[in-house]
Every structure is written in structure tokens, then in C-alpha cells.
Amino acid sequence: MFNLKSKTFWKYALIILLFPVVVNFLLFQAKLPWVFGTSDNWLSFWGNYTGGLVSAFVAYVVAYSQIEKQQILADSQIKKQQQIELHNRIIAQLPSLMRIKIELSNYSMELRKVKQEREGYIAVQSRFHEEKMEDPEYKANLGNYIIELFDKNNYSLLEKIENDDLHLELIKCFNFYDDFSKALAFDLSPLGEKMDVADEELKLSLTTTSSVDMNKVLQSSVARIENADYVSKKQSVWNKLFEESQISSFEEVLKEVDMEIAKIKREKKTPRY
């Protein structure tokens, strides 16, 4: 409460100690002409006056001490409550993290499975169709694969994750797998047939009438744009899988999830109550 190294503290302490000496000198020793009353009168006055000051000072010290103790106790209780709340939030992550681990493991296996299927298709095509000019990797990229689609409900599992870095990495993994699974599961065959039909109808329209049927032109253009869009998506997700080493990224994030689960289990064994 008092800082003994403070110059201000020692200044006021010196004033308090010298005050009686100064009063004694001015009132009793110097016998100043404007001082009324006897020495006993002034001695009684200053006794009461200083006694009141001392009482007020003691009351202040006691009150200040009590307030300081109450503040320390309140701060301690607030800190303890915050620790309990943080502890409870950390423990509450465990079910979500266990579910995330399962989903992430499944998605990682799905990525490895379709990668192997693609490599097998390329190997077969390269062996039996060496004379053809078609690029087997390009054809493999455009194929549709049986793959588990991403469950949008898994995003809700991230709401309780306290580790911001892990939260961000999980979002990246989920976003990639969502795009990847939808692109690979999409079958381009119906779009190709739709495009061929639109082209045939446009050709027929041009040969049977002297004017251009704009509806046929529009249908053909829409079919081509839609087909090109899905071709681009399939190529893009395959490129991203290899260029950004997504399978390795999934495995690294899985390790981080395992470490976070182990950390929470240790925290669970040390309650903050």
C-alpha cells in the first residue's frame, strides 16, 4: 500500500514528524504576539487536533486495506471463474474433435482411393492404346469416380474448436474435399450427349431453313459452356490435389487433431475447481 522507496512518501512523513517541533517553536518558544491563549490551551487543542488526524489516518488505512483485500479477492474469484470457463470450453471440444478425426480419416482414404484408381486407369490406357494420340491423363481427369461426398454438417463441428490455427487448417481441408468430391462424382456423359443433341439440332435447323434458329444456337452454346465449366473443375481439383500435396496436408492435419485430442484428455484429468 505504501511505497517506502517513494520520495513523496518520505516527504510527507518528514512533514508529519517535524510538525510538532515547528508548533512548539512558534507557539511556545518564540512567544509570537498574535498567539492567544496559554500553553496549556494550545497543548490541549493540538492534542485533540492531532488525535483527530491520527484517528482519521488510521481509519483511512484500515478502510483502504479492507478495500484492497476485497479487490484482490474479487480479482482472484474472477480469474478462477475464467479458468473454469476456459477449462470447460476446452473439454467441450472433445466430441467434435473425435468426430472430425473420423471424418478427416475417411476423406483422406477416399483421396488415396481415387488417386489409385486414376493411376490404374492411366497405366491400362497407356499399355493398350499406345498408338492413339489421346492423352490418358486428360481422359482420367475427366472421368467420374465413386467417392464419398462431403457432409456440409461437418462445418458445424468446427464451431467449438479453440485452436485458431487448427480451425483454419480444417476449413481448408473441408473446402478442398467438398470441391474435389463434387467435381469427381459429376458425370460428364449426359452433358456431352446434351451438347451433341444441341449441335445436331442446330445443324438440322441450318439445313432445313434459310434463317438461323437463335434458340438452337443458344441451346448449343449453353451446353458447350456448361460442359467446359465442369471439364475445367475436374482438371482444377486434380491439379490442386497433386500440386498442393493435399493428401499429405490431410495427414498432417490429422496428426494435429490427434495431438489436440491428447492435450484435451490431459486437461480433463486436471479439473480447475
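What list of ³J(HN,Hα) values in whole Hz, one per residue of region 163-173 in order, does the Karplus curve 6.51 cos²θ - 1.76 cosθ + 1.60 (θ = phi - 60°) give from phi, with Gly and Pro shown as x?
Residue by residue, region 163-173 yields 6, 4, 5, 5, 4, 5, 5, 5, 4, 4, 4 Hz.
In the neighborhood of residue 256, defined by Cβ-to-Cβ distances under 9 Å, what is the net charge if each Lys or Arg adds +1 and each Asp or Glu adds -1?
After counting each charged neighbour, the total is -4.
What are the ³J(HN,Hα) values, in whole Hz, obtained from phi via the Karplus relation 6.51 cos²θ - 1.76 cosθ + 1.60 with θ = phi - 60°, for each residue of region 228-239 in sequence order, with x given for Gly and Pro?
5, 5, 6, 4, 5, 5, 5, 4, 5, 5, 5, 4
Please turn the phi angles of region 179-188 into ³J(HN,Hα) values with the Karplus equation 6.51 cos²θ - 1.76 cosθ + 1.60 (θ = phi - 60°), one per residue in order, whole Hz, x for glycine and proline.
Karplus values, whole Hz, x for Gly and Pro: 5, 5, 5, 5, 5, 6, 6, 6, 8, 7.
Readers should treat all values here as calculations from the given coordinates under stated rules, not as data from a laboratory. Since this is a predicted model, take the numbers as computed values, not measurements. As a convention, Cβ positions derive from the backbone with ideal geometry for all residues, glycine included, and neighbour counts pool all protein chains shown.
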